[in-house]
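The values are calculated or read from the model by the stated rules, or taken from the named source; none is laboratory data. Keep in mind that what you see is a predicted model, and the values were worked out from it rather than measured. Note: ideal-geometry Cβ built from the backbone for every residue, glycine included; neighbour counts use all protein chains shown.
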Amino acid sequence: MKRSQINAAIRWAETLCKEHHITLPDFARFAADRNEFLKPSRKNLVKTMLGWDVTDFGSGDFARVGAVLFTVRNGSVHEVGVGTPYAEKYIFLKDGCEQEIPLHYHIQKTEDIINRAGGIFCCQLAARGADGKPDFTRPVRVLRDGEYYDAAPGEIIEITTGNSITLEPGVYHRFFAKTGCGDLLIGEVSRINDDNTDNVFAVTRGRWCAVDEDEPRYRLLVNEYPEVEA
């Protein structure tokens, strides 16, 4: 992705938050300056990768495969006592461009995915077969706001504002905003999130995007913390 695309995507997500009266924490507005992230008091923020995440999942086509995410709180699976024993995120998806988070499952993470504001959240489900690949021949049982629901094989569930779905480890899922219903602001509440090790995609993909630096950074991305530059 071009840095200009990333910058524009973050600005769009910030605007969407304002439209829905959602205020992100102060670190959402830190300048892309290494000194902001080198302060000893912010070591936890860097270790648990709190902040902005813009990715095309290695697709090279952000308008169709990708998302803007913001991690509000998280812990570490590697260091006991670092951060919190749970995670919270916002996920931003555009209407009208068929943008999606591609089919994947988590090895360890159980997550509640909540339609916080905007359009209609679409979630396609698939069972994991014995070979680890998606199995579109078997139903999947999930929780929807505390009630069990038996989804048909490959069913796309539509989730309206305020409602949610609980996804357990091993359940394949794909997210997108229903076309014509507006941009989508999703919430995620889960076990500790480790994006470096816990995502298994149906089609081999990179979790982070390669960046073409065509303009200065507006915000740092969470995967850029280890190599922060002035």
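Can you name the number of the only condition in (1) in contact (Cβ under 8 Å) with a residue 60 or more places away in the chain; (2) within 23 Å of Phe121 (Cβ to Cβ); (3) under 18 Å from the mean Cα position of the chain (by Cα); (4) surrounded by fewer than 18 Cβ atoms within 10 Å (Cβ to Cβ) that Thr161 fails?
Unmet for Thr161, out of (1) in contact (Cβ under 8 Å) with a residue 60 or more places away in the chain; (2) within 23 Å of Phe121 (Cβ to Cβ); (3) under 18 Å from the mean Cα position of the chain (by Cα); (4) surrounded by fewer than 18 Cβ atoms within 10 Å (Cβ to Cβ): (1).
Specify which of the listed residues (Gly146, Gly154) is at pLDDT below 95 and surrounded by fewer than 17 Cβ atoms within 10 Å (Cβ to Cβ).
When all the criteria are applied, what remains is Gly146.
Of the residues Arg3, Arg42, which single one is touching a residue at least 24 places away in the same chain (Cβ under 8 Å) and surrounded by fewer than 21 Cβ atoms within 10 Å (Cβ to Cβ)? Full working, then the answer.
Details: Arg42 fails: touching a residue at least 24 places away in the same chain (Cβ under 8 Å).
The conditions single out Arg3.
Would you pick out the residues in region 54-73 that are in a strand (DSSP E or B) and over 13 Å from Arg205 (Cα atoms)?
Passing the criteria: Val54, Ala67, Val68, Leu69, Phe70, Thr71, Val72, Arg73.
Check Gly119, Gly66 and return the single one that is under 13 Å from the mean Cα position of the chain (by Cα) and of a type outside the set (Ser, Thr, Tyr).
Gly66
Regarding Leu143, is this residue within 24 Å of Arg64 (Cα to Cα) and in a strand (DSSP E or B)?
It is false that Leu143 is within 24 Å of Arg64 (Cα to Cα) and in a strand (DSSP E or B).
When you look at Arg217, is it basic (Lys, Arg), surrounded by 16 or more Cβ atoms within 10 Å (Cβ to Cβ) and either out of contact with any strand residue (DSSP E or B) (no Cβ under 8 Å at 6 or more places or on another chain) or not in a loop (DSSP other than H, G, I, E, B) (or both), yes or no?
Values: basic (Lys, Arg): yes; surrounded by 16 or more Cβ atoms within 10 Å (Cβ to Cβ): yes; either out of contact with any strand residue (DSSP E or B) (no Cβ under 8 Å at 6 or more places or on another chain) or not in a loop (DSSP other than H, G, I, E, B) (or both): yes.
Judged against the criteria, Arg217 is a match.
Suppose the filter is in a helix (DSSP H, G or I), farther than 30 Å from Gly96 by Cβ and in contact with a Gly (Cβ under 7 Å, 6 or more places away or on another chain); does Phe37 pass it?
Considered against the rule, which asks whether it is in a helix (DSSP H, G or I), farther than 30 Å from Gly96 by Cβ and in contact with a Gly (Cβ under 7 Å, 6 or more places away or on another chain), Phe37 comes out as no.
Being exposed (fewer than 13 other Cβ atoms within 10 Å of the Cβ), over 17 Å from Ala9 (Cα atoms) and in contact with a Lys or Arg (Cβ under 9 Å, 6 or more places away or on another chain) is the filter here; which residues of region 27-39 pass it?
none
Would you confirm whether or not region 67-80 contains a residue that is at pLDDT 95 or above, acidic (Asp, Glu) and farther than 25 Å from Gly154 by Cβ?
Within region 67-80, not a single residue is at pLDDT 95 or above, acidic (Asp, Glu) and farther than 25 Å from Gly154 by Cβ.
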